[in-house]
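Reading through the structure tokens given below for one structure.
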Amino acid sequence: MDLRITKKVSLFLCVAFSVGILSATEDTATFTKEDYADWTLPENQDRITDNIWITRQNSGWLINAAIDTSPTYASSPTGTMWRMGTTESQSPDSSYTSLFNVMGTYDEYGAWIGFSQIVGMTLSMHLVEENLYFDVTFNSWTSGGGNYYEGGGGGFSYTRVAVDAPGGSNEQGVDSVNDITMCDNPESAIVVNMYDSWGDGWNGATYSLLGPEDVSATGGLSDGLYGSDTLCTSQGEWSVFVGGGTYDSEITFDIVDAFGVALLSGVTAGIEYTFTITGESVASGCTDPNAINYDGTATTDDGSCYYEGDVCDSPLAISNGVHSANAEWDTYFSYTATESGNLNITSVGYTDHDTYLIVMGSCANDDYYYTNVLIEHDDVADTLFQSEANICVTAG
């Protein structure tokens, strides 16, 4: 379980009298927003589609004025995903992410990039819903305040060029539809069910599917606890990878075939999974006899296997001493006191990882949160990211 509380404050100046400039051909457009131009006016927005209106406020980075009211780290401009470099240089299974995640990073030499260095750079922009790609080259960017994201007026200019999707056609070969019956071969379709434990979407993460003949598809959860995509896929071997977001530990997802059988179930981000679409109804489940949830009737493994310590109901039994937890996902332990007194639980001095500690009396929950929590602890200090708790226990 992760706990995240963030507070973001933005200051915007309102001195608007300039207008944006758009010069365009059918496939190429150069857009310019002057400093302090009113970002809410259509003439100061690059309206690429009915749902994507790129602009910038008097500070911060780019937003989608059709949806955003201020820039956010995880998604702005909402409806777009980005990669450093031209679209042609990306592979079909490249994981796109938010604009901030692309620019708020380090180069290969360890130097901070930031938006103040964006002029002259070309980035690949993907309009997710429309499945369109553009190469975007930045011609100007007003910076200010000595900070990589602040802007002394919010002026910028870029040239965007419509291009094919990574690896070929701008049609990725997989249609996203509202209902499985709309597919030419509905028996081969799948549904990607996307979940976020925090309830704010995938924070820039996307799924990347790669199938026979390099057919590919991408998507993600823009907001909320849950969403799903119905995809007109084909029979054969497929792989899927989810990642590239700010809080990937919050993500789980399922892939279900046309017959309601889970090809992957409850799997997490950061791992590449493979599955087979047969076009036939098959029994799937956990096929590992060593797993807690082994299913002897399953003929296809759906990635749902879990083991001691992976879930609250099947914890690892421990006693006094030093124990190991997985750094990539939650690990559950059970402890029975052999004598009464003070119990100290700590990760300080035992790991360099940022840890989060929860002590519970039971696994009781309300489907979203544990309800019998005795102690929660995150960071020992501002610069010490391990966890520690002390609790009085009674033997037995």
For residue 73, state whether it is among the aromatic types (Phe, Trp, Tyr), surrounded by fewer than 22 Cβ atoms within 10 Å (Cβ to Cβ), modelled with pLDDT of 50 or more and in contact with a helix residue (DSSP H, G or I) (Cβ under 9 Å, 6 or more places away or on another chain). yes
Residue 358 surrounded by 15 or more Cβ atoms within 10 Å (Cβ to Cβ) and closer than 19 Å to residue 396 by Cα: no
Considering residues that are under 14 Å from residue 311 (Cα atoms) and either surrounded by 15 or more Cβ atoms within 10 Å (Cβ to Cβ) or in contact with a Pro (Cβ under 8 Å, 6 or more places away or on another chain) (or both), the number found within segment 364-388 is 1
Failed item in (1) assigned to a strand (DSSP E or B); (2) without any contact (Cβ under 8 Å) to a residue 60 or more places away in the chain, with residue 69 passing the rest: (1)
Looking at segment 332-346, can you tell me whether even one residue there is surrounded by fewer than 16 Cβ atoms within 10 Å (Cβ to Cβ) and over 22 Å from residue 392 (Cα atoms)? no
Checklist (1) crowded, with 16+ Cβ neighbours inside 10 Å; (2) at positive phi; (3) not in a strand (DSSP E or B) applied to residue 260, failing item: (1)
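Okay, residues lined up against (1) modelled with pLDDT under 90; (2) not assigned by TED's automatic domain parsing to the domain that holds residue 186:
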position: 215; (1), (2): yes, no
position: 234; (1), (2): no, no
position: 241; (1), (2): no, no
position: 245; (1), (2): yes, no
position: 250; (1), (2): no, no
position: 291; (1), (2): no, no
position: 320; (1), (2): yes, yes
Filter pass, residue 280 being loosely packed, with under 15 Cβ neighbours inside 10 Å, of a type in the set (D, E, K, R) and in contact (Cβ under 8 Å) with a residue 60 or more places away in the chain: yes
Determine, yes or no, whether residue 118 is assigned by TED's automatic domain parsing to the domain that holds residue 74 and modelled with pLDDT under 70. no
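The values are calculated or read from the model by the stated rules, or taken from the named source; none is laboratory data. Because the structure is predicted, anything quoted here is derived from the model rather than measured. Because the Cβ atoms are built from the backbone with ideal geometry, glycine has one as well, and the counts that use them run over all protein chains shown.
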